[in-house]
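In what follows, a structure is listed as structure tokens, so that the remarks can point back to it.
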Amino acid sequence: MAPSLETVNGARECLRKTIKEKNCQPVLIRLGWHDAGTYSVEADKEHGWPLCGGTTGSIRFKEEMTHGCNAGLSLAYDLVKHVKDEFPEISWADLFQLASAVSIEACGGPFIPLRLGRKDANTKEDCTPDGRLPAAGAPFPDGAPTPAQHLRNTFYRMGLTDKDIVVLSGAHTVGRARPERSGFGKEHTKYTKNGPGSPGGSSWTVEWLKFDNRYFKDIKEQIDEELLVLPTDAAIFEDEGFRPHAEKYAEDQDAFFKDYVQSHLKLSELGAKWEGEPLVLSPSNAA
Ligand code: HEM
């Protein structure tokens with residue numbers, strides 16, 4: 001059964017408190033994405049749920065959390081565990097998506113009208129194999145010759161489109177890459193050496209706790225060497241199919257927010273199995 005609205009609003013408040021205290025929005029957004037981004041249309045046809053991957057909550061198991069691409073995310077799990085203790089009716093799968101959506105709002109981004117009531121994967125055997133999430137630079141594990149091809153191979157496998165790839169990459173408008181986690185970024189830059197949150201890493205934007213369209217503007221301009229551009233970020237302006245979307249989002253923040261909400265919702269429901277009728281959050285019922 002889906003959690004009650006009262007429970008979800010309680011959990012939202014609890015998440016906001018943690019976010020305010022720790023400035024941990026980026027890592028929570030990444031946690032939700034890494035639970036979702038393991039989805040495979042083919043595995044769904046072949047094995048069904050939960051081996052299809054996606055928003056099943058399976059990232060909480062050590063077998064999946066220790067995949068190389070998830071370095072640093074056990075910290076995010078530790079940050080939301082107390083919310084699950086306080087609101088056990090919320091599934092882990094819902095909690096990871098809720099933490100991400102609340103984080104985006106807390107950064108000034110759009111409200112995401114999440115649906116809640118996901119069923120949890122419940123054993124380590126339900127974890128997906130390593131290697132389903134995208135790599136940021138060559139050599140690509142799928143043998144793709146370019147970052148753009150690798151992005152398409154990875155996101156098409158999830159059933160997503162070029163537009164989804166570009167707009168979702170815009171989530172890098174917040175957060176940082178750290179050499180000790182992903183191998184990307186510098187130890188610190190002038191924008192990260194004093195925090196907020198734990199210092200260090202390279203950010204894509206100057207105000208890296210603000211959700212806006214700066215990511216697209218900064219990649220297009222590339223005038224500040226202190227800012228990060230991963231090979232896969234550069235691809236959204238280099239590739240002919242991606243570029244029109246990236247140009248549009250650099251020009252028009254409203255268009256970015258509108259499309260972001262749609263694609264984020266799709267991402268948040270990849271592989272989801274609903275327990276009964278989902279609860280739909282809206283700006284009028286969410287507190
Ligand atoms: C397009 C393919 C993508 C690639 C190759 C990629 C790669 C990366 C890498 C290498 C990092 C640095 C991690 C670290 O060192 O801690 C990172 C961070 C991040 N990613 Fe992505 N990512 C992709 C898509 C996405 C998507 C779709 C989202 C969300 C919708 C997202 C959200 C984030 C956030 C918020 C961070 C910052 C985490 C932090 O500051 O702790 N990424 N990503």
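The values are calculated or read from the model by the stated rules, or taken from the named source; none is laboratory data. Predicted, not measured: the structure shown is a model, and the values here were computed from it. Methodologically, a virtual Cβ is constructed for each residue, glycine included, from the backbone with ideal geometry; neighbour enumeration extends over all protein chains shown. With ligands, DNA and RNA removed, areas are computed over all heavy atoms of the protein, side chains included. Shrake-Rupley method; radii C 1.70, N 1.55, O 1.52, S 1.80 Å.
Give the residue from S203, L267, N122 lying farthest towards the positive end of the charge dipole for the chain; charges sit on Cβ (+1 for Lys and Arg, -1 for Asp and Glu) and the dipole is referred to the Cα centre. The Cα lying farthest towards the positive end belongs to S203. Taking 19 Å as the straight-line reach from the Cα of K266, the lysines in range (excluding those fewer than 8 positions away in the same chain) are K45, K119, K163, K258. Surface exposure of the chain, expressed per residue as accessible area with a 1.4 Å probe, stands at 43 Å².
Neighbours of S202, meaning other residues whose beta-carbon lies under 13 angstrom from its beta-carbon, give a summed charge of -1 when Lys and Arg score +1 and Asp and Glu score -1. With the helix formula -39500 (n - 2.57) applied to DSSP H stretches of n ≥ 4, the chain reaches a computed 222 nm mean residue ellipticity of -13500 deg cm²/dmol. In this label model, E221 and T146 are separated by 2.7 nm, measuring between points 7 Å along each Cα→Cβ vector.
Within the same chain, lysines fewer than 8 places from K193 are excluded, and of the rest, those with a Cα less than 25 Å from its Cα are K17, K20, K22, K210, K217, K220. Across the options P145, T161, A71, the greatest Cα extent toward the positive end of the charge dipole of the range 69-187 (unit charges at beta carbon of Lys, Arg, Asp, Glu) belongs to P145. Solvent exposure of F111, expressed as accessible area, is near 50 Å², computed with a probe of 1.4 Å over the protein chains only. In this structure, E86 and W49 have a Cβ-Cβ separation that, at R0 = 25 Å, corresponds to a calculated FRET efficiency of about 0.35. The label-point distance for D254 and K193, in a model that sets each label 7 Å from Cα toward Cβ, rounds to 4.1 nm. Can you give the Rg/Rh ratio of the chain, where Rg is from the C-alpha atoms and Rh is the Kirkwood radius? Ratio value, two decimals: 0.94.
Measuring nothing but protein heavy atoms, the accessible surface of the chain at 1.4 Å probe radius is 51 percent carbon and sulfur. Taken about its Cα centre, the range 147-261 carries a charge dipole of about 440 debye when Lys and Arg each add +1 at the Cβ and Asp and Glu each add -1 at the Cβ.
Within the straight-line cut-off of under 19 Å between alpha carbons, the aspartates and glutamates reachable from K186 are E207, D218, D224, E225, E226, D233, sequence neighbours fewer than 8 places apart in one chain being disregarded.
Only Lys, Arg, Asp and Glu carry charge here, each on its Cβ (+1 for the first two, -1 for the last two); on that basis the chain has a dipole of about 500 debye about its Cα centre.
Put a plus charge on the Cβ of each Lys and Arg, a minus charge on the Cβ of each Asp and Glu, and nothing anywhere else: the dipole of the range 215-287 about its Cα centre is then about 400 debye.
Under the combined filter of DSSP loop state and at most 16 neighbouring Cβ atoms within 10 Å, the range 192-287 retains these GluC sites (Glu not before Pro): E207, E225, E226, E240.
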